[in-house]
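What follows is a single structure, written as structure tokens, with notes after it.
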Amino acid sequence: MAGPALPRPSGAGSARAPSPAKVLITGRPGVGKSTVFAKVVEGLESRGYRVCGFYCPEIRIGGVRRGFRIVSIGLQLEGVLSYVCGEMEGLSTLSVGKYCIKVDDAVSVGVGSLEYAERECDFVAMDEVGPMELKVEKLRDKIWSVLYGPKPVLAVVHARLAEEVRDSLRSRAFRTLYFVVTEGSREGLPREILSRVLGVLGPQRSER
């Protein structure tokens with residue numbers, strides 16, 4: 001079943017020059033998408049590429065998931081993306097399932113990290129592009145700005161949204177690499193993704 005239509009920021013439909021690569025990673029929950037993402041980031045960094053953005057690990061208490069953090073890649077920033085509604089101060093009324101979103105942290109960490117990545121870094125990385133991140137208007141607009149922007153992107157995309165994001169990028173002539181993580185593919189997939197990306201970028205970052 002197709003995911004819900006994704007909102008675009010104003011002006012996002014305008015034509016832009018294709019980027020070297022927009023790399024999308026998807027798969028069912030718990031299959032290992034974040035592990036694949038982290039290994040690709042590590043591989044790019046080991047070859048001299050500066051990778052910046054954000055990732056959203058779980059908050060677990062007593063082995064039970066209570067929410068999600070949002071952590072910058074490239075800046076010393078982190079905060080709470082979401083938590084069980086009513087169990088933390090500062091949560092907004094925006095919610096996905098039982099989790100309410102902490103908009104201030106989503107904007108300060110998420111948007112701040114992506115703006116920094118656009119200015120200072122070679123590759124923009126996001127884990128993930130999903131319903132929680134897209135609920136926050138300023139973060140949603142910045143995510144689409146990055147996806148449609150001139151820099152290479154590595155993004156984990158929620159399974160319900162992945163095909164729509166892929167098709168949107170391809171319709172604008174971006175070079176889009178699309179990978180589905182499964183139990184059978186997850187061990188070798190980081191090497192495959194890295195090989196494909198380096199085939200576009202070059203095996204080592206060149207000094208500019």
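In table form, for the structure just shown:
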item: Calculated [θ] (222 nm, deg cm²/dmol) that DSSP helices of n ≥ 4 give over the chain, each run adding -39,500 (n - 2.57); result: -9000 deg cm²/dmol
item: Segment 22-199 - percent relative contact order, Cα under 8 Å, separation 6 or more; result: 31 percent
item: Residues whose placed amide H lies under 5 Å from that of residue 77, excluding near-sequence neighbours; result: 72
item: Kirkwood hydrodynamic radius over Cα pairs of segment 97-208, then Stokes diffusion coefficient at 20 °C and 1.002 mPa s, in µm²/s; result: 138 µm²/s
item: Beta bridges by DSSP in the chain, antiparallel share as percent, to the nearest 5; result: 45 percent
item: Alpha carbon Rg of segment 17-109, scaled by the compact-globule rule 2.2 N^0.38 Å; result: 1.25
item: Residue pairs, from the table 39/98; 98/138; 98/151; 98/135; 22/142; 33/135, whose Cα atoms sit over 25 Å apart; result: 39/98; 98/151
item: Unmatched cysteines, the chain - criterion: no other Cβ of a Cys under 4.7 angstrom; result: 56
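No value in this document is a laboratory result; all are computed from the given coordinates. What you are looking at is a predicted structure, and each value in this text was computed from that prediction instead of being measured. Backbone-built Cβ (ideal geometry, glycine too); neighbour counts: all protein chains shown.
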